[in-house]
Amino acid sequence: MDDLDAKDFEVTEKRLVDAMARNWWLFLVRGITAVIFSILAVIWPGVTILVLTLFWGAYAFVDGSVALWAGIAGNGKSRGDRWWLIVLGVIGILAGLLALVSPGYVATVLLLLIAVWAIVIGIFQIVGAIRLRREIEGEWLLGLGGVLLVLYGVLLIAQPVAGALSVIWMISFGSFVFGVLTIMLALKLRSQRRKDVQDT
């Protein structure tokens, strides 16, 4: 019975990796979006917390939409295996909509919102990396991105009196690192996809 359960688990992991590899470009979009957001947050002249809130809201919405699409793409049988991507996507979309619809309100709690978002998203990425550790070579990128997001969220909570400029730099740096790691993961998934195609 235990052997049967282990085989079922391995099949589930394989289906999840296959689905992610087929949609590697979605992870690339997530990474590029994060990098663009981080650059805009720094180079935008006279950026205010309100403008930054709108930037972040747009980024969180796009990131959530891409993650949700990655979670539901593919055949129906394996969709349940990608529940963490679906949850990740829904959280991102809701947080982004909140920031875009009520930027004035969100700006007052921007640090807390971003911190909670980073911690929750980071935990789900760590869970995903653990599940994929036997199936994909670049799972550590997903896991490292998750760990950095959690640490990033904790750091934001621990610095409640940081000035506006410090907040902008912290948010920009965290988004940039996350974006680069996600782009690297996307390229690993593309390589995995090409290898799978050649093996068939």
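When you go through (1) open to solvent by 40 Å² or more (accessible area, probe 1.4 Å); (2) modelled with pLDDT of 80 or more one by one for GLY145, which number turns out not to apply?
With respect to (1) open to solvent by 40 Å² or more (accessible area, probe 1.4 Å); (2) modelled with pLDDT of 80 or more, GLY145 is out only on (1).
Return only the number of the condition from (1) under 12 Å from the mean Cα position of the chain (by Cα); (2) at pLDDT below 80; (3) open to solvent by 60 Å² or more (accessible area, probe 1.4 Å) that ILE32 does not satisfy.
The one condition ILE32 does not meet is (2).
Test GLY153 against the criterion of being closer than 19 Å to VAL62 by Cβ and at pLDDT 80 or above, and give yes or no.
In short, no.
Condition check: touching a helix residue (DSSP H, G or I) at 6+ places or on another chain (Cβ under 6 Å) and modelled with pLDDT under 75. Does THR12 satisfy that?
For THR12, the condition - touching a helix residue (DSSP H, G or I) at 6+ places or on another chain (Cβ under 6 Å) and modelled with pLDDT under 75 - is met.
For the stretch 44-67, what are the residues that are modelled with pLDDT of 80 or more and among the small types (Gly, Ala, Ser)?
Listed by number, the residues that qualify are GLY57, ALA58, ALA60, GLY64, SER65, ALA67.
If the requirement is being at pLDDT 85 or above, of a type in the set (Gly, Ala, Ser) and either within 13 Å of the chain's Cα centre (by Cα) or closer than 20 Å to LEU181 by Cβ (or both), which of these qualifies: GLY71, GLY92?
Result of the check over GLY71, GLY92: GLY92.
The values are calculated or read from the model by the stated rules, or taken from the named source; none is laboratory data. Being a predicted model, the structure only gives us computed values, none of them experimental. Neighbour counts are summed over all protein chains in view; Cβ atoms, including those assigned to glycine, are modelled from backbone coordinates with ideal geometry. Surface accessibility is based on the protein's heavy atoms, side chains included, excluding ligands, DNA and RNA. Shrake-Rupley method; radii C 1.70, N 1.55, O 1.52, S 1.80 Å.
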